[in-house]
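Working notes, beginning with the structure itself.
The values are calculated or read from the model by the stated rules, or taken from the named source; none is laboratory data. Just so we're clear, the structure is a prediction, and the values are computed from it rather than from any experiment. Counting neighbours? That spans all protein chains shown, and the Cβs are built from the backbone with ideal geometry, glycine included. What goes into the accessible areas is simple: the full protein's heavy atoms, side chains included, and nothing from ligands, DNA or RNA. Shrake-Rupley method; radii C 1.70, N 1.55, O 1.52, S 1.80 Å.
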Amino acid sequence: MKPETSPQNPTRFQTQDLREWLRVTEELGELKHVKGAHWDQELGAITEINNRRRGPCLLFDEITDYPPGYRVVTGTTGSPARLAGLLGFSTDLSNAELVQALRGKPQQWETLAGDFPPETVQSGPILENIKSGKEINLLEFPVPKWHQQDGGRFIGTGSAVITRDWDSDWINLGAYRMMVHDQKSCALNMALGKHGRQQIERYFQEGKPFPVIASMGHHPLLFLFAGLEVAYGLSEYNYVGAIQGEPVQVVRGEVTGLPMPAYSELALEGWCHPGNYKMEGPLGEFHGYYSGSEKAAPVLEVERIYHRNDPIILGTPPGRPPHDYSYSKTVIRSALLHEALEKAGVPGVVSCWADEVGGARMLLVVSIKQAYQGHARQAGLLACQCHVGAYLGRYVIVVDEDIDPSNLQDVMWAVVTRSDPARDIEIIKRAWGGTGDPQRVTFTDKVPYNTRGIIDACRSYEHRDVFPPVAEASPEFRQQIQEKWKDLLV
Ligand SMILES: Cc1cc2nc3c(=O)[nH]c(=O)nc-3n(C[C@H](O)[C@H](O)[C@H](O)COP(=O)(O)O)c2cc1C
């Protein structure tokens with residue numbers, strides 16, 4: 001089954017080649033070229049300023065110290081048009097329309113994924129250059145140091161780390177940060193519980209080295225879903241194949257036999273050996289702080305580098321939101337949350353929003369059409385505990401259906417006018433936190449639990465008929481006035 005398309009152009013995004021995707025993105029007016037930026041923080045700061053303005057995708061070339069053609073791209077998923085096009089929707093959707101269009105899709109993609117295993121091909125652009133032995137030098141490529149206090153140069157941010165399960169054929173793709181240690185090795189930082197981490201631990205239990213291929217530049221859909229919690233045991237290759245309606249083409253690595261995208265720009269192949277750990281980090285995190293600090297992570301010893309001529313690294317630095325991938329995470333997590341609440345049996349969910357201020361995790365807003373007493377509490381408590389909302393959350397706000405959850409002004413108006421702090425704030429203690437929580441320094445528990453606040457900002461159910469009316473023009477009258485005074489109110 002092919003994904004939906006519209007006359008606008010989305011079929012043109014259905015390519016496996018990052019370069020073709022960039023060409024289409026440029027045609028759409030969503031790409032700018034940047035020449036002469038320095039890999040040391042300048043590229044990171046330009047990206048940061050551009051993201052805060054919700055600017056275009058940036059393709060950096062002629063990077064200081066590097067030959068022309070060795071490029072870095074950032075901001076691949078940072079606008080409604082770019083994200084909608086990637087997912088196979090019309091590129092003129094608004095945020096709300098995009099979230100609406102996504103309803104039911106993750107379930108559909110998951111169901112279809114079994115029909116789209118990756119297709120092994122004999123050759124592909126990634127094999128244009130194959131390096132081994134003395135030719136291996138990770139710093140041959142313009143690896144950015146993104147922010148001033150980062151612990152080093154990170155070749156992997158928008159990476160897809162490809163690994164195989166010990167007990168089955170399951171191939172996992174995860175976006176995990178990778179800091180360069182030296183010419184031939186880099187760190188592989190996978191948090192406890194992540195699929196790649198579960199796999200490596202199993203190999204090490206057996207006393208075996210862990211085979212890895214890390215793709216550093218590829219079609220942004222691969223990055224997007226490598227960075228999302230796709231179900232355990234399901235390969236992101238299949239998932240992306242289901243979205244695009246065709247299998248992802250892969251070629252086999254010479255050393256590990258792992259499948260890498262045939263259209264990858266740059267891929268590192270090698271092994272993590274049991275006991276070989278080294279300090280790495282820090283890197284700014286998705287919530288905007290350096291709370292993860294420096295830690296020991298497995299070392300990837302690189303035995304092959306594969307790259308296209310004039311390779312492009314897909315960079316996506318986290319940091320104070322809005323950052324490089326907070327927009328796409330917000331949209332997709334919002335859709336996943338809506339789906340999860342409905343699956344959990346909450347009726348009347350109008351819309352959900354995992355706001356960028358919390359890096360798409362720490363502030364969730366749910367709007368409902370209240371149907372019974374306790375409905376709002378039910379929605380809030382489930383939102384903060386269902387799988388998609390459970391990890392490293394902080395606040396959930398539940399609002400009535402007249403409030404747009406993606407409009408913080410509207411949401412906070414509901415909080416200050418419809419909630420009573422003594423009655424409408426629930427606290428959950430010892431929830432699923434993480435060591436990267438910026439509040440971690442204040443918590444006394446040894447293990448990284450955290451606390452959730454659920455704010456019920458709906459008009460109280462029993463008072464909804466006597467609650468003071470809102471002082472504003474009715475939607476119908478506003479529409480009439482907007483029509484009549486369109487020159488003034490454009
Ligand atoms: C740019 C970016 C960087 C990330 N860095 C890390 C990281 O260093 N370690 C980690 O465990 N998760 C990191 N994540 C989150 C994981 O990619 C995400 O949890 C994903 O689901 C992991 O794949 P898995 O579910 O197959 O384990 C990052 C995500 C993105 C988008």
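Filtered by the rule that a residue be touching a Lys or Arg at 6+ places or on another chain (Cβ under 8 Å) and within 12 Å of the ligand (Cβ to nearest atom), the range 186-219 gives 187, 189, 190, 191, 199. Listed residues 257, 275, 253, 288; which is among the small types (Gly, Ala, Ser) and within 16 Å of the ligand (Cβ to nearest atom)? Being among the small types (Gly, Ala, Ser) and within 16 Å of the ligand (Cβ to nearest atom) holds for just one of 257, 275, 253, 288, which is 288.
Filtering the range 446-463 to residues that are assigned to a loop (DSSP other than H, G, I, E, B) and surrounded by 12 or more Cβ atoms within 10 Å (Cβ to Cβ) leaves 448, 457, 458, 459, 460. Can you spot a residue in the range 270-281 that is out of contact with any Asp or Glu (no Cβ under 6 Å at 6 or more places or on another chain), at pLDDT 95 or above and in a loop (DSSP other than H, G, I, E, B)? Within the range 270-281 (the criterion being out of contact with any Asp or Glu (no Cβ under 6 Å at 6 or more places or on another chain), at pLDDT 95 or above and in a loop (DSSP other than H, G, I, E, B)), the answer is no, since none of the residues qualifies.
For residue 221, indicate whether it is in contact with a helix residue (DSSP H, G or I) (Cβ under 6 Å, 6 or more places away or on another chain), assigned by TED's automatic domain parsing to the domain that holds residue 44 and in a helix (DSSP H, G or I). Yes. In the range 351-360 there is at least one residue that is closer than 24 Å to residue 459 by Cβ, assigned to a strand (DSSP E or B) and open to solvent by 10 Å² or more (accessible area, probe 1.4 Å). I'd like to know if the range 313-324 contains one or more residues that are within 16 Å of the ligand (Cβ to nearest atom), of a type in the set (A, V, I, L, M) and open to solvent by less than 50 Å² (accessible area, probe 1.4 Å). Within the range 313-324 (the criterion being within 16 Å of the ligand (Cβ to nearest atom), of a type in the set (A, V, I, L, M) and open to solvent by less than 50 Å² (accessible area, probe 1.4 Å)), the answer is yes, since at least one residue qualifies. For the range 55-70, the criterion of being at pLDDT below 95, part of a loop (DSSP other than H, G, I, E, B) and either open to solvent by 40 Å² or more (accessible area, probe 1.4 Å) or not assigned by TED's automatic domain parsing to the domain that holds residue 170 (or both) is met by no residue. Between 246, 229, 236, the distinction of being open to solvent by 10 Å² or more (accessible area, probe 1.4 Å) and either outside the structural domain of residue 130 (by TED's automatic domain parsing) or within 13 Å of the ligand (Cβ to nearest atom) (or both) belongs to 229 only.
Here are 297, 267: which of them is touching a strand residue (DSSP E or B) at 6+ places or on another chain (Cβ under 9 Å), within 14 Å of the ligand (Cβ to nearest atom) and outside any helix (DSSP H, G or I)? Don't jump to the end; show me each part of the working.
Values: 267 fails: within 14 Å of the ligand (Cβ to nearest atom).
After applying the criteria, what remains is 297.
The sole residue among 378, 373 that is assigned to a loop (DSSP other than H, G, I, E, B), open to solvent by 40 Å² or more (accessible area, probe 1.4 Å) and polar (S, T, N, Q) is 373.
Considering the range 465-490 alone, what residues qualify as being open to solvent by less than 100 Å² (accessible area, probe 1.4 Å) and either assigned by TED's automatic domain parsing to the domain that holds residue 402 or in a helix (DSSP H, G or I) (or both)? 475, 481, 482, 489, listed by residue number. Could you give me the residue pairs with C-beta distances under 9 Å whose first residue belongs to the range 477-488 and is at negative phi, whose second residue is in a helix (DSSP H, G or I) and surrounded by 10 or more Cβ atoms within 10 Å (Cβ to Cβ) wherever it lies, and which are 6+ apart or on separate chains? These pairs meet every condition: 481/489; 482/489. Is it true that residue 115 is in contact with a strand residue (DSSP E or B) (Cβ under 8 Å, 6 or more places away or on another chain), assigned by TED's automatic domain parsing to the domain that holds residue 231 and modelled with pLDDT of 95 or more? So residue 115 fails the test.
Per this entry, residue 341 is not counted among residues that are modelled with pLDDT under 95, open to solvent by less than 30 Å² (accessible area, probe 1.4 Å) and either within 14 Å of the ligand (Cβ to nearest atom) or not assigned by TED's automatic domain parsing to the domain that holds residue 225 (or both).
Okay, residues lined up against (1) of a type outside the set (A, V, I, L, M, F, W, C); (2) under 22 Å from the mean Cα position of the chain (by Cα); (3) in the same structural domain as residue 198 (by TED's automatic domain parsing):
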site	(1), (2), (3)
257	yes, no, yes
264	yes, yes, yes
267	no, yes, yes
270	yes, no, yes
277	yes, no, yes
287	yes, yes, yes
304	yes, no, yes
309	yes, no, yes
